[in-house]
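A quick write-up on the structure given underneath.
Only the coordinates and a few stated rules stand behind these numbers; no lab work does. Here the structure is a predicted model, which means the values were calculated and not measured. Cβ placement follows ideal geometry from the backbone for every residue including glycine, while neighbour counts extend to all protein chains displayed.
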């Protein structure tokens, strides 16, 4: 098995033994999005003769380093041939193992399936075929261009899922039992895919870890493109921007970001009336109710999104108004936690606005449509960022020794890591196998929620006060 060869629809690939799991890296699921295919929907991959070496990851999508001082995962010489995926199989001759497909996060701006914290060996050892996939990010994946289909990054994900349908059985997997799971931007992607006709029946289970708010309409997306193109000195057209190398676009990608958006991402899902019709919770309905869905958030999302902490001198009333909440919202937040500081209230309000309420609304929409739904709150406290955004990812993969894990958990990780990670992975892989994670489902009457902590428990929905406040906002789906 050390040099296992598998036949895919495009040709033979040769993987390798990775700690007892057979690993295949850098398999193309679509053609390189370059030249005439630049900024276009993904095209089918080309066939190859002979045996393709699949022991090295493919190039990451074009992007800048995720933070100052962090090594880049894409360099100009890497080019645009990034639409690849990776497979880990515990048994190539398996009789239809569950398949799990991971969609990474990264604010629609950064991320790649080659990142070490997404290594699939530990999950595959639980008896699933693991797949991680690249998709285009930033302007390459989500920039709006006249006459060009929007949301190329989402279309890439659909192409990867179609590849899984066509090829999973060759790796020991069951194409009729696919679970798509992801965090942050990957979780929002899943919410959109649930409602997308093009993704219908491509997966049977879904796990959305920390669904963020955020999308743009075409007018706003067009203004972003115009600003970026002007900064690059080219027309805001396919011809103008496709002629630029990726690094030239990356150099000006943050130009449209001003004021409160500075430091964020100018790109993300665009309402196109096809894949994206509104916020992530708007599309779940009859089309998706056959999909079993887990949704969840970390209890202190904002602490992972802003490691520097809240700004000094925050006024909860001003913050509430900026979030579109009513004039009594700040008072209601304070009454819910009378001993809390202004900084603490800010963290709660921003956690609600950015992730906790959007995730709750996705779960509600799915349950209301008749879909089997489960909800969780990851409450375990990391010594670095508490229960902040992203802290659950090392637990999901069982990878506590990556650079990412060290930054969020410390090195070595706390003693509680191994046991809690094992419990989460058991729930996730059981869900992939049976459609049931092992705790009571969430419904609109009882609202049962799994609390992931050092000792996991099942309880009532933990954000009742926040939910009541947000029900009065214009953002709430009511």
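Can you classify the stretch 34-135 as rounded, prolate or oblate using the Cα gyration tensor, where a ≥ b ≥ c are the square roots of its eigenvalues, rounded means a/c under 1.5, and otherwise it's prolate if a/b beats b/c and oblate if not?
oblate
Would you please report the Å³ per residue occupied by the convex hull of the alpha carbon atoms in the stretch 17-93?
144
Test of understanding: what is the full-extension gain from residue 430 to residue 444, defined as 0.36 nm times their sequence separation minus their Cα-Cα distance?
2.6 nm
Which distance in Å, rounded to a whole number, links the C-alpha centroids of the stretch 200-228 and the stretch 450-478?
23
At each listed q (0.12, 0.19, 0.22 Å⁻¹), what is the log10 of I(q)/I(0) that the Debye formula gives for the stretch 155-231 modelled as equal alpha-carbon point scatterers?
Listed by q, the Debye log ratios stand at -0.45, -0.85, -0.99.
From Cα pairs below 8 angstrom and at least 6 apart in sequence, can you work out the relative contact order of the stretch 372-451, rounded to a whole percent?
Contact order relative to length: 36 percent.
Compute the separation of the alpha-carbon centres of the stretch 125-183 and the stretch 25-39 and state it in Å as a whole number.
13
Need the full-extension length gain, residue 12 to residue 401, defined as separation in residues times 0.36 nm minus the C-alpha distance. One decimal, nm.
Value of the extension gain: 136.7 nm.
P(r) tail for the stretch 401-478, what percent of Cα pairs lie past 19 Å?
That fraction is 57 percent.
Using only Cα atoms, locate the centre of the stretch 264-333 and the centre of the stretch 49-106, then give the distance between them in Å, rounded to an integer.
29
Modelling each spin label as a point 7 Å along the Cα-to-Cβ direction, I'd like the residue 3/residue 455 distance in nm, to one decimal.
Label-label distance for residue 3 and residue 455, simple model: 5.4 nm.
Evaluate E = 1/(1 + (r/R0)^6) for residue 258 and residue 95, where r is the Cβ-Cβ distance and R0 equals 56 Å; express this FRET efficiency to the nearest 0.05.
The calculated FRET efficiency here is 0.50.
Over 29 Å apart: what share of the alpha carbon pairs of the stretch 321-478 falls there, rounded to a whole percent?
Summing the P(r) of the stretch 321-478 above 29 Å gives 25 percent of all pairs.
Per-residue ellipticity at 222 nm for the chain, helices alone: DSSP H runs ≥ 4 residues times -39500 (n - 2.57), over residue total, nearest 500 deg cm²/dmol?
After summing the helix terms and dividing by residue count, I get -8000 deg cm²/dmol.
Using a simple spin-label model with points 7 Å from Cα along the Cα→Cβ vector, what separation in nm is obtained for residue 341 and residue 464?
2.8
Restricting to the stretch 1-106, compute how many DSSP beta bridges are antiparallel as a %, nearest 5.
Taking every DSSP beta bridge within the stretch 1-106, about 80 percent pair in antiparallel fashion.
Kirkwood Rh, the stretch 52-96, all Cα pairs: how many Å?
13.1
For a test of the definition: using alpha carbon positions, the gyration tensor, and the 1.5 limit on a/c, classify the stretch 245-392 as rounded, prolate or oblate.
In terms of gyration-tensor shape, oblate.
Among DSSP bridges having both ends in the stretch 5-470, what percentage is antiparallel? Round to the nearest 5.
40
Considering all alpha-carbon pairs of the stretch 171-314, what whole percent are spaced by more than 23 angstrom?
51
Below 8 Å, C-alpha to C-alpha, sequence gap of six or more: please give me the relative contact order for the stretch 254-371 in percent.
39
State, as an integer percentage, the relative contact order of the chain based on alpha-carbon contacts under 8 Å between residues 6 or more apart.
13
So in the stretch 49-189, what percent of DSSP beta bridges are antiparallel if you round to the nearest 5?
So the antiparallel bridges amount to about 30 percent of the total.
Test of understanding: express the Cα radius of gyration of the stretch 5-470 as a ratio to 2.2 N^0.38 Å, with N the residue count.
Dividing the Cα radius of gyration by 2.2 N^0.38 Å gives 0.94.
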